[in-house]
Amino acid sequence: MIRTLRNTSLFLFPLIACSKGDKVASFVDIPVVTVQATEEQGGSTSKITDAWVSVDDHFLGVWELPAHVPILAEGDHRITVVPAIKRNGTFDDRLRYPYYNAWNGNAYLIKDSTASVQPTTTYLTASTFWVEPCSDPIGRLNVSDDSDTLLLPPFLPDPALDNTTCRGFVLDAAHPYIRIYTDEDFDVYGGPVFMELDYRTDLTLTVGILYNNGSPASDPWVTVAPTLKSNGSMPWNKIYIDLSTPFNSGISQRDIYIEARLPSGQASATGYIDNLKILRLTP
């Protein structure tokens, strides 16, 4: 079951007792949670924004990363960190990601001092992956017949995301529209379905669903904001898109598309994508 956090205020339970009246806390720093993934799992990029923290199986709360967690305890204790993400890139819709394992490690706690842990997570063994690594000139993505341009061949961007190639497109007045899509006719067997995508753009992307409900149809699902900054930089970002509802509804021939249009008044626009993966759990 996916557990969603809509209120990310931090809280602490005094769940590990010190001597009576002693309220001096120890602290644990959690700067970041990283992912270790194989090439077959689509690489190790991640955007883990929050951590569900427990000490000796006692839940301390949900902490935005980097976290500085006070704990009323001393000595050696087991720390558990469960990775959480922003669903669909939305600030106030955060949840424990259903494909990441919890991390367990030990920290030696000293009152009024700080210990640091470096959690690393892996994907659940029950996870199944459909991956487009953006390294093959043919690849697993198609361009729709009504698109005005094509996907660029794999290339090493500047800046490179994980020192691997990506795919991309360029839009201008003569080529204002592109839609790329999968052609897998994904089946339905329940459970969560997420799409992970690394992207770098100066225009809005639309992620939608292709399906058949008596006739071919398409529905937009999530809009992905540009990563262009006011200083002119265009960094990489990552988004976790929840596709559970459309995948588990009464439609057939499910596929995913990514669509972009040249913004009004903009002479040109570029989009880069990498490490596209669709994750499900083995039924």
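With respect to being more than 25 Å from Asp183 (Cβ to Cβ), open to solvent by 30 Å² or more (accessible area, probe 1.4 Å) and at pLDDT below 95, Asp76 falls outside the description.
For the stretch 143-163, the tally of residues that are part of a loop (DSSP other than H, G, I, E, B) and closer than 12 Å to Tyr272 by Cβ stands at 9. Of all residues in the stretch 57-73, which are farther than 21 Å from Lys47 by Cα and open to solvent by less than 70 Å² (accessible area, probe 1.4 Å)? Result: Leu60, Pro70, Ile71, Leu72, Ala73.
Can you confirm whether the stretch 17-29 contains a residue that is modelled with pLDDT under 95 and under 25 Å from Asp198 (Cβ atoms)? There is no residue in the stretch 17-29 that is modelled with pLDDT under 95 and under 25 Å from Asp198 (Cβ atoms).
Within the group Tyr189, Tyr257, which residue is closer than 29 Å to Val35 by Cα and within 19 Å of the chain's Cα centre (by Cα)? Selected residue: Tyr257, the only one of Tyr189, Tyr257 that is closer than 29 Å to Val35 by Cα and within 19 Å of the chain's Cα centre (by Cα). Does Asp185 satisfy the criteria of being closer than 13 Å to Ile273 by Cα, in contact with an Asp or Glu (Cβ under 8 Å, 6 or more places away or on another chain) and charged (D, E, K, R)? Taking the combined requirement at face value, the residue does not satisfy it. Those strands (runs of 3 or more DSSP E) of the stretch 62-112 in which at least 3 residues are over 30 Å from Ser127 (Cβ atoms), considering only elements entirely within it, cover 67-71.
When the stretch 80-128 is filtered for residues that are buried (at least 16 other Cβ atoms within 10 Å of the Cβ), β-branched (Val, Ile, Thr) and over 21 Å from the mean Cα position of the chain (by Cα), only Val117 remains. Among the numbered conditions (1) under 25 Å from Tyr211 (Cα atoms); (2) open to solvent by 30 Å² or more (accessible area, probe 1.4 Å); (3) charged (D, E, K, R), the only one that Arg167 does not meet is (2). Looking only at residues that are among the aliphatic types (A, V, I, L, M) and in contact with a Gly (Cβ under 9 Å, 6 or more places away or on another chain) in the stretch 195-247, which one is farthest from Ser127 (Cα to Cα)? The selected residue is Leu203. If you go through the stretch 27-49 and keep only what is part of a loop (DSSP other than H, G, I, E, B), more than 12 Å from Asp162 (Cβ to Cβ) and open to solvent by less than 30 Å² (accessible area, probe 1.4 Å), you end up with Val33, Ile48, Thr49. Has the stretch 166-179 got at least one residue that is within 29 Å of Pro83 (Cβ to Cβ), assigned to a loop (DSSP other than H, G, I, E, B) and in contact with a strand residue (DSSP E or B) (Cβ under 9 Å, 6 or more places away or on another chain)? No.
Taking the conditions (1) assigned to a loop (DSSP other than H, G, I, E, B); (2) at pLDDT 95 or above; (3) surrounded by 18 or more Cβ atoms within 10 Å (Cβ to Cβ) in turn, Asp183 satisfies each one other than (3).
With respect to the conditions (1) in contact (Cβ under 8 Å) with a residue 60 or more places away in the chain; (2) open to solvent by 30 Å² or more (accessible area, probe 1.4 Å); (3) of a type in the set (A, V, I, L, M), Ala160 lacks only one, and its number is (1).
The values are calculated or read from the model by the stated rules, or taken from the named source; none is laboratory data. Predicted model, so just to flag it, every value in this text is computed and none were measured. With ideal geometry, Cβ positions are generated from the backbone for all residues, glycine too; neighbour counts draw on all protein chains shown. SASA here: full protein model, heavy atoms, side chains in, ligands and nucleic acids out. Shrake-Rupley method; radii C 1.70, N 1.55, O 1.52, S 1.80 Å.
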